[in-house]
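Below: one structure, written as structure tokens.
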Amino acid sequence: MSPGVLTTGVVNDTTLPEQVPESLETTANQPHEQLFSLRNRLTVVTGGGRGLGLCLAFAIIEAGGHVACLDVLPEAQQDEWSRLLKKASSSHLTASYHRCDITNEPQLQETLEAIEGTAQSCNATFAGMVACAGVQQKMPALDYPMGDFERIMRINVTGTFLTVKHAAKIMVKNKTSGSIVMIASMSGQIANRVCALTKE
């Protein structure tokens, strides 16, 4: 076979025809709506009051889905939340914020069930959960208080379990196929160097 000649629909990265750009041979040039869409779906994001959770809420809106953000904060980070609401409105989608402690199982269950009800009002299905809530605390390991360690485990582990459990219960009850995404730190796999500044 001569270099640069395609005999199938598969693109060989090293032998693309000079006259055909790669983008014309792959699906990479398609609009994201054709590659991935959350149309008519509502996704809940825990830890959605700021940071990564709020960033993921933007991605859900951009993919055509409705989003409900949960966080223990009294309200979401105002400037970013305003941008999210503007983006949702211009896309004819909904974004809501709910103050909720994911370690409080009755409160969490009640909040998710209320969100399920709002999904129906916007012709969407409760079909996604992004468990993004989590905390960290940097301090010397030898001085780490047991109570602080237990708090981190309660939020990052138990809270995630409860979040997934109750989201799944709703989807199973409604016979809805959906997705559950659990966000974790790479520190669960590797040891990071300590970044804290110390004074001599």
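Report the local net charge at Q77: Lys and Arg +1, Asp and Glu -1, summed over other residues whose C-beta lies under 11 Å from its C-beta.
Computed value for this residue: -2.
Among the trypsin sites (Lys or Arg not before Pro) found in the stretch 50-141, those both in a DSSP coil and sparsely packed, with 11 or fewer other Cβ atoms within 10 Å of their Cβ, are K138. Here is the size of the stretch 132-197 from its Cα atoms: Rg then Dmax, 15.8, 51 Å. Extents of the stretch 40-183, largest first, come to 52, 36, 21 Å (Cα atoms, principal axes, whole angstrom). Taking θ as phi - 60° and the Karplus parameters 6.51, -1.76 and 1.60, the scalar couplings of the stretch 167-179 work out to 5, 5, 4, 5, 5, 5, 4, 8, 6, 9, 7, x, 10 Hz in sequence order, x denoting glycine and proline. Protection proxy ranking of 57-68, 38-49, 107-118, by the mean of other Cβ atoms within 10 Å over each peptide's residues and highest first, is 38-49, 57-68, 107-118. Here the simple spin-label model places points 7 Å from the Cα toward Cβ, and for S37 and Q120 these points are separated by 2.5 nm.
Here, each number is a calculation from the coordinates, and none is a lab measurement. No experiment lies behind these values; they were computed from the predicted model shown. Ideal geometry is used to build each Cβ from the backbone, glycine not excepted, and the neighbour counts take in all protein chains shown.
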